[in-house]
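Peer 1: Next up is a structure, given as structure tokens.
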Amino acid sequence: MPRFHFSLSTADLVEAGFVQSDSLDEAMAVINEHLSAKEGDTLEIGVRGFPPARYECIWSMPGGDPAWRPTGLKAA
């Protein structure tokens, strides 16, 4: 089972940790369950040996899961 490293950056602080999960989707669900993100916050998540994926929170609602958009992608 992969161990995902994550870092959530908000305007006030940075929270980091690990999530052990079978997939990126499951890891994101666990993170959303335990941390609260607001519009403009950024999340980096990945596994050891690979560069992390970067996401920006584009929408959030109290009590609901935030919507994430990949960020930092280069144009083809």
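The values are calculated or read from the model by the stated rules, or taken from the named source; none is laboratory data. Since the structure is predicted, the reported quantities are computational estimates derived from the model, not experimental observations. Reconstructed Cβ throughout: ideal geometry from the backbone, glycine too, with neighbour counts over all protein chains shown.
Peer 1: Could you please let me know if Leu43 is over 15 Å from Arg3 (Cβ atoms) and modelled with pLDDT of 95 or more?
Peer 2: Against the criterion (over 15 Å from Arg3 (Cβ atoms) and modelled with pLDDT of 95 or more), Leu43 qualifies.
Peer 1: Also, quick follow-up: Note down all Cβ pairs under 6 Å where the first residue falls in the range 1-23 and is under 16 Å from Ala53 (Cα atoms) and basic (Lys, Arg), the second is in a strand (DSSP E or B) and at pLDDT 95 or above, and they're at least six residues apart or on different chains.
Peer 2: Sorted first by the residue in the range 1-23, then by its partner, the pairs are Arg3/Phe18; Arg3/Gln20.
Peer 1: Which of the strands (runs of 3 or more DSSP E) contained wholly in the chain include at least 1 residues that are basic (Lys, Arg)?
Peer 2: Correct list: 3-9, 53-59, 67-70.
Peer 1: For the range 27-57, name all the residues that are more than 14 Å from Gly72 (Cβ to Cβ) and more than 11 Å from the chain's Cα centre (by Cα).
Peer 2: Selection gives Glu33, His34, Lys38, Glu39, Gly40, Val47, Arg48, Gly49, Phe50.
Peer 1: Also, quick follow-up: Run Ala53 past the list (1) in contact with a Pro (Cβ under 8 Å, 6 or more places away or on another chain); (2) modelled with pLDDT under 90 and report the number of the one that doesn't hold.
Peer 2: Going through the list (1) in contact with a Pro (Cβ under 8 Å, 6 or more places away or on another chain); (2) modelled with pLDDT under 90, Ala53 breaks only (2).
Peer 1: Still on this structure: Which ones in the range 61-75 are surrounded by 10 or more Cβ atoms within 10 Å (Cβ to Cβ) and modelled with pLDDT of 85 or more?
Peer 2: Matches in the range 61-75: Pro66, Ala67, Trp68, Arg69, Thr71.
Peer 1: List every residue pair whose Cβ atoms lie under 9 Å apart, where the two residues are 6 or more positions apart in sequence or sit on different chains, the first residue falls within the range 42-56 and is touching a residue at least 24 places away in the same chain (Cβ under 8 Å), and the second residue, located anywhere, is assigned to a strand (DSSP E or B) and among the basic types (Lys, Arg).
Peer 2: Within 9 Å, the pairs are Thr42/Arg54; Leu43/Arg54; Glu44/Arg54; Ile45/Arg54; Val47/Arg3; Arg48/Arg3.
Peer 1: Looking at the range 1-57, which of the residues that are basic (Lys, Arg) and farther than 17 Å from Arg69 by Cβ is surrounded by the fewest Cβ atoms within 10 Å (Cβ to Cβ)?
Peer 2: Among residues in the range 1-57 that are basic (Lys, Arg) and farther than 17 Å from Arg69 by Cβ, the one surrounded by the fewest Cβ atoms within 10 Å (Cβ to Cβ) is Arg48.
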